[in-house]
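> My questions will all concern the structure given below.
The values are calculated or read from the model by the stated rules, or taken from the named source; none is laboratory data. If you're wondering where the values come from, they're calculated on a predicted model, not measured in any experiment. Counting neighbours? That spans all protein chains shown, and the Cβs are built from the backbone with ideal geometry, glycine included. Calculation scope for accessible area: heavy atoms of the full protein, side chains included, ligands and nucleic acids excluded. Shrake-Rupley method; radii C 1.70, N 1.55, O 1.52, S 1.80 Å.
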Amino acid sequence: MTNEQLKKLEDDLWASANSLRAYGGIKASDYAVPVLGLIFLRFADNRYSDYEEAIEKEFEAQKGSRAARSRAEIAIEKCGFFLPAHSRYKYLLELEGNKRAEMLKTAMSAIEETQDAQFQDVLPKDAYFDIEKKKDDILPQLLRTFADIPKDASGDIFGKIYEYFLGKFSLSEGQKGGEFYTPTSVVKFIVETIEPYKGKIFDPACGSGGMFVQSAKFAQHENHSLDEIWVEGQEFMGETVRLAKMNLMVNNIRGEIAEVNSYETDQFGSYGRYDFVMANPPFNVKSVKKTTVEKDKRFNENGLPINKGNKQDKISDANYLWVSLFATSLNEKGRAGFVMANSASDARGSEYEIRKRVVDSGIVDCMVSMPSNMFNTVTLPATLWFFDKAKGEIAAPEKEDKNPALRHKESILFLDARNVYNQIDRAHREWTDEQVHNLAAIVRLYRGEQNRYLELIQSYLTEAENEISKVPKAIKAFEELTLNTAENLRKYYDLTVEKLTKAKKKNLLEAGFNAKLTQVLSLARTHNDVGINEWEKAKTTKAENDLQKAAAQALKTCLDRLNLACQNVQAAQKILAEILAVADKQLKQKNDKSWTELFLNRATKSLEQQEKETLLTIELLNYWYEQVHWLQDKFPDAQYRDMTGLCKVATKAEYAEEQDYSLNAGRYVGVVFESEKISEKEFQEIIKRDSELLKALNKSAKHLEESIEHNLEELLNG
């Protein structure tokens with residue numbers, strides 16, 4: 001499903017669900033959880049269908065043996081939950097009449113019956129009765145609405161729909177802060193960077209559990225069992241806790257979610273406990289009491305954020321409470337990745353002192369500036385922080401070391417990704433999967449993991465290999481359709497020209513009909529070489545930099561040639577479309593079957609469709625080339641290097657002495673002015689030179705002004 005298709009599906013689902021809410025006069029706060037419960041049920045049904053055959057096969061194989069287990073036990077092992085017949089979406093959808101609340105309650109209860117204690121009373125039940133009391137036809141219509149979600153929709157699709165609805169309900173209630181819903185692409189980058197494939201994972205502001213879901217996907221992608229991870233989350237909002245538990249249940253993730261305030265309660269004994277910490281906490285909270293946290297070692301190890309002279313029982317800003325919590329929750333090898341307000345990177349006062357202590361501990365691994373408009377509910381600019389306790393054990397090199405390690409206790413990677421994004425619509429941006437992989441590749445090169453970088457390049461070249469053979473075929477099909485249409489138009493002209501009036505013959509002549517038709521046949525028969533010989537010779541299956549660069553160059557050569565061939569056919573098609581329009585008015589005979597038999601009646605649409613398909617094949621091939629080029633252009637030796645405007649590894653002398661412990665990536669990476677391809681330093685030199693020129697021009701202008709005034713005075717007084 002493309003982004004456009006997904007957006008249309010999301011918009012259609014929301015429009016339908018929201019109109020039903022308005023129709024019933026229901027508040028968004030009373031509507032959100034039951035609606036999300038139905039989305040969960042649809043998701044659960046799709047997921048269960050994927051495992052149903054295997055569940056039944058194992059159930060039948062074990063039947064009558066000592067090892068025999070119930071369907072529910074087998075289902076929970078394979079899928080994470082069991083759906084009895086009366087909990088299936090189709091059954092609920094096809095019930096007669098409008099009454100659904102009782103059956104939905106029964107369906108949700110049946111799912112919970114086979115779950116652990118922590119998943120009891122998670123799914124919505126009684127809320128459906130409240131909706132049914134308002135209007136008894138709303139629930140059947142909602143079930144029909146969500147039945148439009150394709151049966152083969154993946155977990156990612158459901159996750160995005162889930163998140164979309166969460167964000168919409170949040171906006172309806174006017175909630176701000178971005179603390180509930182972290183966009184999938186942001187979570188993916190955090191996961192790619194800290195790699196939580198095994199161990200205990202903690203999110204003390206877990207919202208609806210998106211961090212845990214992506215961690216599970218990463219573990220599976222790396223061929224690890226979900227049994228190798230255990231998640232623990234804390235969330236203050238009760239309804240959001242239920243949503244998080246639904247997420248764990250449907251994704252078969254082991255763990256616990258506690259409904260607590262993380263400032264006040266340490267539910268799991270987090271100090272030094274976790275292999276991984278991930279979070280998107282609420283920004284800029286100023287209501288936390290000092291007495292709540294001042295004796296808590298989770299928060300006070302690096303000091304508390306308190307303004308000097310402040311006699312009130314208040315923390316100045318909770319951002320650095322979260323920073324401290326994430327740092328102290330890690331074990332000796334732990335990694336953390338979290339979202340934080342941009343302002344925290346340069347905060348002064350007591351926040352500065354905390355930041356200085358955290359940085360000097362050596363655990364700050366990477367800082368990433370994000371694009372704006374990445375969150376559904378807020379437009380606040382944000383930064384991603386990454387900690388790595390193991391990095392803090394890598395000694396800094398001696399000054400005389402000629403080949404110092406790139407990554408060590410006193411180094412920090414700064415990444416400015418503000419210009420790396422995909423524009424979804426006017427108000428929202430995201431990172432594509434490839435942008436996530438490319439940014440993560442920079443982090444891996446910094447860590448010395450060259451093999452991971454080369455594997456990524458190879459995966460892109462493999463994608464290109466899968467697409468490149470389709471392009472010449474598409475261009476040939478486009479060329480043949482253009483030629484056949486032109487030849488059919490010539491045939492029709494020969495058949496009907498004698499039947500034309502003098503006026504119509506004159507109109508065809510003035511339109512250059514015959515000359516343009518000849519031009520089309522000539523252009524489309526240019527026999528452009530649409531071969532891919534260079535690629536066939538240079539393509540490689542080896543993850544070696546020189547071979548990959550040669551393959552990328554061959555791919556570019558082929559792309560240039562394929563684009564040229566396509567452009568020639570497009571030029572012919574454009575002229576053909578013009579003369580087809582002329583022929584329709586001046587040449588076509590009324591009720592003439594020949595026009596239809598020669599396929600001229602739908603020629604324009606057929607040509608447009610073939611052009612579109614051809615351009616899409618070229619666009620996809622070019623997309624994979626661009627991913628390779630983006631990386632190879634910046635890191636041609638498959639080794640990390642600082643890139644102005646993108647990335648910079650800062651030493652302690654730079655971040656501590658020169659920048660006074662600022663963690664703002666923009667201060668380190670500089671700026672590239674794309675129109676001129678110049679660095680910030682070069683830009684400053686140009687401005688300095690132009691400033692000197694301006695001063696000279698101003699001086700000259702002043703002298704000229706004085707001279708004119710003097711001459712005027714002489715003229716008037718003379």
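> I need the full set of residues from the stretch 202-245 which are small (Gly, Ala, Ser) and in contact with a helix residue (DSSP H, G or I) (Cβ under 7 Å, 6 or more places away or on another chain), in order please.
Quick first cut of the stretch 202-245, residues small (Gly, Ala, Ser) only: 205, 207-210, 215-216, 219, 225, 233, 238, 244.
Listed by number, the residues that qualify are 207, 208, 209, 210, 215, 216, 219, 233.
> Which residue pairs have Cβ atoms under 6 Å apart, sit 6 or more places apart or on different chains, and have a first residue in the stretch 187-199 that is touching a residue at least 24 places away in the same chain (Cβ under 8 Å) and in a helix (DSSP H, G or I) and a second that is hydroxyl-bearing (Ser, Thr, Tyr) and open to solvent by less than 20 Å² (accessible area, probe 1.4 Å)?
Correct list of pairs: 191/215.
> Then there's this: How many residues does the stretch 455-476 contain that are surrounded by fewer than 19 Cβ atoms within 10 Å (Cβ to Cβ) and over 28 Å from residue 569 (Cβ atoms)?
So the answer is 3.
> Moving on. Among the residues of the stretch 568-620, what is the count of those that are free of Cβ contacts under 8 Å to residues at least 60 places away in the same chain and of a type in the set (Gly, Ala, Ser)?
3
> A further question on this structure: State all residues of the stretch 12-28 that are at pLDDT 85 or above and exposed (fewer than 12 other Cβ atoms within 10 Å of the Cβ); if no residue qualifies, say none.
Across the stretch 12-28, the qualifying residues are 15, 22, 25.
> Could I ask something else about it? Which of the residues spanning the stretch 409-454 are open to solvent by 40 Å² or more (accessible area, probe 1.4 Å), polar (S, T, N, Q) and either farther than 18 Å from residue 543 by Cβ or in contact with a Leu (Cβ under 9 Å, 6 or more places away or on another chain) (or both)?
419, 422, 423 - these are the residues of the stretch 409-454 that are open to solvent by 40 Å² or more (accessible area, probe 1.4 Å), polar (S, T, N, Q) and either farther than 18 Å from residue 543 by Cβ or in contact with a Leu (Cβ under 9 Å, 6 or more places away or on another chain) (or both).
> With respect to the numbered conditions (1) touching a residue at least 60 places away in the same chain (Cβ under 8 Å); (2) in contact with a Ser or Thr (Cβ under 6 Å, 6 or more places away or on another chain); (3) not small (Gly, Ala, Ser), which one is the sole condition not fulfilled by residue 387?
(2)
> I'd like to check something: does the stretch 147-155 contain any residue that is in a helix (DSSP H, G or I) and either modelled with pLDDT of 85 or more or surrounded by fewer than 19 Cβ atoms within 10 Å (Cβ to Cβ) (or both)? Write out each step before concluding.
Step one: list which residues in the stretch 147-155 are in a helix (DSSP H, G or I), which gives 155.
Then drop every residue that is not either modelled with pLDDT of 85 or more or surrounded by fewer than 19 Cβ atoms within 10 Å (Cβ to Cβ) (or both), which leaves 155.
The answer is yes, given that some residue of the stretch 147-155 is in a helix (DSSP H, G or I) and either modelled with pLDDT of 85 or more or surrounded by fewer than 19 Cβ atoms within 10 Å (Cβ to Cβ) (or both).
> Mind checking which helices (runs of 4 or more DSSP H) fall wholly inside the stretch 21-98 and carry at least 2 residues that are within 37 Å of the chain's Cα centre (by Cα), within 24 Å of residue 161 (Cα to Cα) and not hydrophobic (A, V, I, L, M, F, W, C)?
The qualifying helices (runs of 4 or more DSSP H) are 28-62, 89-93.
> Would you check if residue 509 is aliphatic (A, V, I, L, M), open to solvent by 30 Å² or more (accessible area, probe 1.4 Å) and without any contact (Cβ under 8 Å) to a residue 40 or more places away in the chain?
Criteria met by residue 509.
> Another one. Among the candidates 280, 251, 223, 247, which residue alone is more than 27 Å from residue 383 (Cα to Cα), of a type outside the set (Phe, Trp, Tyr) and crowded, with 17+ Cβ neighbours inside 10 Å? I'd like the intermediate steps shown before the answer.
Details: 280 fails: more than 27 Å from residue 383 (Cα to Cα); 223 fails: crowded, with 17+ Cβ neighbours inside 10 Å; 247 fails: more than 27 Å from residue 383 (Cα to Cα).
Matching residue, one of 280, 251, 223, 247: 251.
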